[in-house]
């Protein structure tokens, strides 16, 4: 990788981390997201929900609306963090498969 490409990649990672850092309002906040969720869902946020402020409730609604369009790593992190249950993921996945037939 060239030095310029490395600098751009590093800038993109830092920008994503800073933007997603605002997902967490306060460390004790019940709505705070783990670092794992922020990192795993960064690309999904930018792809689907970046029109909304990272700290706003609209982001959660947007991510739920995207549902099956989220990456597996993001969904796994959300399940591990208790943001969504595995049962809900399985139900949505089955409904998506049924609707596509």
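The values are calculated or read from the model by the stated rules, or taken from the named source; none is laboratory data. Every value quoted in this text rests on a predicted model; they were computed, and no experiment measured them. Note: ideal-geometry Cβ built from the backbone for every residue, glycine included; neighbour counts use all protein chains shown.
For residue 27, all conditions in the list (1) at pLDDT below 90; (2) surrounded by 13 or more Cβ atoms within 10 Å (Cβ to Cβ); (3) more than 11 Å from the chain's Cα centre (by Cα); (4) assigned to a loop (DSSP other than H, G, I, E, B) hold save one; what is the number of the exception?
The failed condition is (2).
Which ones in the stretch 54-80 are assigned to a loop (DSSP other than H, G, I, E, B) and either at pLDDT below 90 or surrounded by 15 or more Cβ atoms within 10 Å (Cβ to Cβ) (or both)? Can you show your working first?
As a first pass, look at the stretch 54-80 and keep what is assigned to a loop (DSSP other than H, G, I, E, B): 54-56, 70-71.
Within the stretch 54-80, 54, 55, 56, 70 meet the criteria.
Suppose the filter is modelled with pLDDT of 95 or more and assigned to a loop (DSSP other than H, G, I, E, B); does residue 43 pass it? First the steps, then the outcome.
Values: modelled with pLDDT of 95 or more: yes; assigned to a loop (DSSP other than H, G, I, E, B): no.
So residue 43 fails the test.
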